[in-house]
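Let me begin by presenting the structure, written as structure tokens, before commenting on it.
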Amino acid sequence: MLPISSRSGEMTSFLNALFTATSATCVTGLVVFDTVTHWSVFGQAVILLLIQIGGMGVVTITVLAAVISGKKIGLMQRSTMQEAISAPKVGGIIRLTSFILKATVIIELTGALLMLPVFWKDFGPGKGIWYALFHSISAFCNAGFDLMGNAQPFSSLTAYAGNGYINVIIMSLIVIGGIGFITWDDIRHKGLHFRNYRLQSKMILITTAVLILIPFLFFYFKEFGSPVWGDLSSKDKAIAAMFQSVTPRTAGFNTVDLNLFSEAGRTIVILLMLIGGSPGSTAGGMKTTTVAVLTMTLFAVFKRKEDTECFGRRVEGDTIKYAASILLMYSALSILGGIVISCVENLPMLTCLFETASAIGTVGLTLGITSQLGVVSRIILIILMFLGRVGCLTLVFAAFSGTQRNISRYPKEKITVG
């Protein structure tokens, strides 16, 4: 809210500052002001710091601070850290955290150095360095904040739609940040021996590949096959299709005007936004493993199998229940939020659903209505962004943590479904 944070030198209202801070900390990317035209360099630095903390996770940053200060990390803190990064066991959690932090710094700096020549040429040395670092961190943390609004506010990366070099770097950072820290650890220790990976890592990598390939084919042949994109070359269409299949996975950048997409195309983007990234990553959303588990359960039902199986392993019943609950909660909250915003703002339902899915999936893509929304709608988006990053089940478990479990069980009775 401080005057030093805005370019005009005036204070930013509490609600708008809260919206921006929530969007940055929850690595969403929805904005009520264009980042580069409204916020000063100081304000941008605050946003970038919040993005880094939100992407790495508050628990990870806290453990880092404790290690640096020489404090002893107790078993309870190690257990909390295990849950935060979805580690399989408590043992070696500090070493794993150290690896995560080092890898994050190396990846973000590498991304910045790779983009630096382009941004140095376009914006000069000072801005070039800042822009390269800002967009590298924003992409790796799946935040979607950008500094490209000088020519046209809220333009995201549309100026680089035909620049395959920048597109590939941004997409690589998004995917690396979105597959999760435990998957990194598997790749580090087991190399290309995919068979030896943890079941979770196998699910994540295959689901991620499928969720990139299938939307790419749809966008390339259906969306970008439309005459409205006639000014793009075949190469540019392929790059744009690939980018639009990667970025809804909670990243929030866009290189083309999403308002030109068909309703089918927007619906697919909504589905991708709700799915999001992977557990223990910088991304939000329902998570790839949730969709993978439910898909495997669907096949198990079709084959009349008693257990859900994948890669020679049986999935626990509790995991399936959690996955179903997460799917229902994310779907219900995004639809309910979309209905309320549509009624309050008198906007098309699909447009509002796009906005709420973007918020709860911590994506940041928009059809251009965020800055025009009223107080009620912005509060709804703030709540959805918070729920999407912290996790709906996490808050439910916290709310009922003091409730005693009843060990008695009611008798069964069969219910016909379907």
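The values are calculated or read from the model by the stated rules, or taken from the named source; none is laboratory data. Note that this is a predicted model, so its numbers are computed, not measured. For neighbour counting, all protein chains shown are included, and Cβ atoms are generated from backbone atoms with ideal geometry for every residue, glycine included. Side chains included, ligands, DNA and RNA excluded: accessible areas come from the protein's heavy atoms. Shrake-Rupley method; radii C 1.70, N 1.55, O 1.52, S 1.80 Å.
Answer yes or no: is there a residue in the stretch 269-285 that is modelled with pLDDT of 90 or more and open to solvent by 40 Å² or more (accessible area, probe 1.4 Å).
Within the stretch 269-285, the subset modelled with pLDDT of 90 or more is 269-275.
Subset that is open to solvent by 40 Å² or more (accessible area, probe 1.4 Å): 271.
Scanning the stretch 269-285 turns up at least one residue that is modelled with pLDDT of 90 or more and open to solvent by 40 Å² or more (accessible area, probe 1.4 Å).
Given the residues Ile170, Ile129, which is the only one that is assigned to a helix (DSSP H, G or I), touching a residue at least 12 places away in the same chain (Cβ under 8 Å), hydrophobic (A, V, I, L, M, F, W, C) and crowded, with 18+ Cβ neighbours inside 10 Å? Spell out the reasoning first.
Numbers: Ile129 fails: crowded, with 18+ Cβ neighbours inside 10 Å.
The conditions single out Ile170.
The number of residues in the stretch 262-310 being part of a loop (DSSP other than H, G, I, E, B) and either of a type in the set (S, T, N, Q) or under 21 Å from the mean Cα position of the chain (by Cα) (or both) comes to 14. Residue pairs whose Cβ atoms lie under 9 Å apart, separated by 6 or more positions or on different chains, with the first residue in the stretch 180-196 and under 20 Å from Gly277 (Cβ atoms) and in contact (Cβ under 8 Å) with a residue 40 or more places away in the chain and the second surrounded by fewer than 16 Cβ atoms within 10 Å (Cβ to Cβ) and of a type outside the set (A, V, I, L, M, F, W, C), are Ile182/Pro88.
Only one entry of Asn196, Asn259 meets the criterion of being closer than 18 Å to Gly144 by Cβ and open to solvent by 50 Å² or more (accessible area, probe 1.4 Å), and that entry is Asn259. Scanning the stretch 296-339 for residues that are out of contact with any helix residue (DSSP H, G or I) (no Cβ under 8 Å at 6 or more places or on another chain) and open to solvent by less than 60 Å² (accessible area, probe 1.4 Å) returns Met296, Ala300, Gly317, Ala332. Residues that are in contact with a Cys (Cβ under 8 Å, 6 or more places away or on another chain) and at positive phi within the stretch 292-333 are absent altogether.
Just for the stretch 132-167: of the residues that are more than 19 Å from Leu116 (Cβ to Cβ) and of a type outside the set (S, T, N, Q), which one is surrounded by the most Cβ atoms within 10 Å (Cβ to Cβ)? Give the steps one after another, and end with the answer.
Start the filter on the stretch 132-167 by keeping residues that are more than 19 Å from Leu116 (Cβ to Cβ), which leaves 142-144, 149, 151-156, 158, 161-162.
Those left that are additionally of a type outside the set (S, T, N, Q): 143-144, 149, 151, 153-154, 161-162.
Details: Ala143: 36, Gly144: 29, Gly149: 17, Ala151: 9, Pro153: 15, Phe154: 18, Ala161: 20, Gly162: 14.
Per the stated criteria, the residue is Ala143.
When the stretch 234-255 is filtered for residues that are crowded, with 23+ Cβ neighbours inside 10 Å, free of Cβ contacts under 8 Å to residues at least 60 places away in the same chain and hydroxyl-bearing (Ser, Thr, Tyr), only Ser245 remains.
Of everything listed in (1) without any contact (Cβ under 8 Å) to a residue 40 or more places away in the chain; (2) closer than 22 Å to Ile206 by Cβ, the single unmet condition for Phe261 is (2).
Of the residues making up the stretch 351-361, none is in contact with a strand residue (DSSP E or B) (Cβ under 9 Å, 6 or more places away or on another chain), part of a loop (DSSP other than H, G, I, E, B) and open to solvent by less than 20 Å² (accessible area, probe 1.4 Å).
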